[in-house]
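The next block holds one structure in the form of C-alpha cells; read it before the comments.
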Amino acid sequence: MANTDSRVTIHMAASIDGFIARKNGSVDWLETSDEFVGGASMDPATVEAFLKTIDCYVMGSRTYETALNFEVKGLGWSYGEKPTFVLTRRELPRTRETIEFCSGDLAQFVNGRLRSTFRTIWFVGGGVVSGECLRLGLADEVRYSVLPILIGDGIPFFDRLERDIPLHLAEVTAYVSGTVELRYEVRRLPAC
Ligand SMILES: NC(=O)c1ccc[n+]([C@@H]2O[C@H](COP(=O)([O-])OP(=O)(O)OC[C@H]3O[C@@H](n4cnc5c(N)ncnc54)[C@H](OP(=O)(O)O)[C@@H]3O)[C@@H](O)[C@H]2O)c1
C-alpha cells in the first residue's frame, strides 16, 4: 500500500542564471567565497540530523557518474548508506550495495515502488531527471539552492518542461555563504 504521507523532493544547487553544471558537466563553481553578514550558518550537527530524515535518493546516470568521479578524487560519497536509485538504460559500475539501477516507467516506479516503501524521497538531479519528474507530476516539492555566481551557460536545472508548473513559496533561508535556499511546494491544479 502507498504511503499517503510520502513526499518527493527535487533538490539541487544552481547558479543565479539557472545552471546546475557547465556544459561539460563541471561543477567547479559550486565552491563560492561570498559572505552575507547576518546569514544563517549550517552547523554540521544540524546538517547530519537533517540528512537522517531522507529515506532514499534518486538520480540520473550522469549525476551518478559525477558522484563516482568525486569518490575517485577522494571527495567521498554524499548519499551515506541510504538506498540510491540510479536511472539508466546502460550498464554502469555498481560500487556499493545501496545502489540500484532502474529503467522503465518512471511514474510507476515512483508512485508504486518508492512511495510504498519510503516516506522522504529525494531526487538529486540532474536536469534531465528533474525535468522528467516535474513533467510527469511526480514532485511534491522543489528545493533550489541559489549560489552567488553567474556562469553564463550550462546544463539547466529543469530540462524541457513544455508547460507551466505553478509553485507555492514555502520557505526562504539566506546563508552566511551567500547561498539562498528556496523551498517551493508544487501546486496541484484541479483536474479539468
Ligand atoms: N548543481 C547541482 O546540484 C547538481 C545536481 C545534480 C547533478 N549536477 C550535474 O548535472 C550534470 C548531469 O545532469 P544531466 O541533466 O546532464 O543528466 P542526469 O539527469 O543526471 O542524467 C540523465 C540520464 O539519466 C538516464 N535517465 C533519465 N531518465 C531515465 C529514465 N526514466 N529511465 C532510465 N534512465 C533514465 C539517461 O541516461 P542513460 O544514457 O544512462 O540511459 C539520461 O541521459 C552533471 O554534470 C552533474 O554533475 C549538478
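The values are calculated or read from the model by the stated rules, or taken from the named source; none is laboratory data. Computed from a prediction, not measured in an experiment: that's the story for all the values here. For neighbour counting, all protein chains shown are included, and Cβ atoms are generated from backbone atoms with ideal geometry for every residue, glycine included. Calculation scope for accessible area: heavy atoms of the full protein, side chains included, ligands and nucleic acids excluded. Shrake-Rupley method; radii C 1.70, N 1.55, O 1.52, S 1.80 Å.
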*asked:* Restricting to the range 113-133, give me the number of residues that are in contact (Cβ under 8 Å) with a residue 40 or more places away in the chain and either touching a helix residue (DSSP H, G or I) at 6+ places or on another chain (Cβ under 6 Å) or within 8 Å of the ligand (Cβ to nearest atom) (or both).
replied: 9
*Quick check: is even one residue across the range 64-86 β-branched (V, I, T) and part of a loop (DSSP other than H, G, I, E, B)?*
no
*Output yes when any residue across the range 165-176 is open to solvent by less than 50 Å² (accessible area, probe 1.4 Å), β-branched (V, I, T) and near the ligand (Cβ under 9 Å from one of its atoms), and no when none is.*
no
*How many residues does the range 135-153 contain that are within 15 Å of the ligand (Cβ to nearest atom), open to solvent by less than 40 Å² (accessible area, probe 1.4 Å) and within 17 Å of the chain's Cα centre (by Cα)?*
8
*Given the structure, is T32 within 13 Å of the chain's Cα centre (by Cα), in contact (Cβ under 8 Å) with a residue 40 or more places away in the chain and farther than 12 Å from G126 by Cα?*
no
*Which one of these is within 10 Å of the ligand (Cβ to nearest atom), among the charged types (D, E, K, R), surrounded by fewer than 18 Cβ atoms within 10 Å (Cβ to Cβ) and under 27 Å from G76 (Cβ atoms): E181, E97, E91?*
E91
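Return the residues of the range 26-39 that are over 16 Å from S78 (Cβ atoms), open to solvent by 30 Å² or more (accessible area, probe 1.4 Å) and assigned to a loop (DSSP other than H, G, I, E, B); say none if nothing qualifies.
Of everything in the range 26-39, those that are over 16 Å from S78 (Cβ atoms), open to solvent by 30 Å² or more (accessible area, probe 1.4 Å) and assigned to a loop (DSSP other than H, G, I, E, B) turn out to be S26, T32, S33, D34, E35, F36, V37, G38.
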*Hey, any hits in the range 67-79 for a residue that's within 10 Å of the ligand (Cβ to nearest atom), in contact (Cβ under 8 Å) with a residue 40 or more places away in the chain and open to solvent by less than 70 Å² (accessible area, probe 1.4 Å)?*
no
*Residues located in the range 1-31, provided they are among the β-branched types (V, I, T) and either in contact with a His (Cβ under 9 Å, 6 or more places away or on another chain) or more than 12 Å from the ligand (Cβ to nearest atom) (or both)*: T4, V8, T9, I16
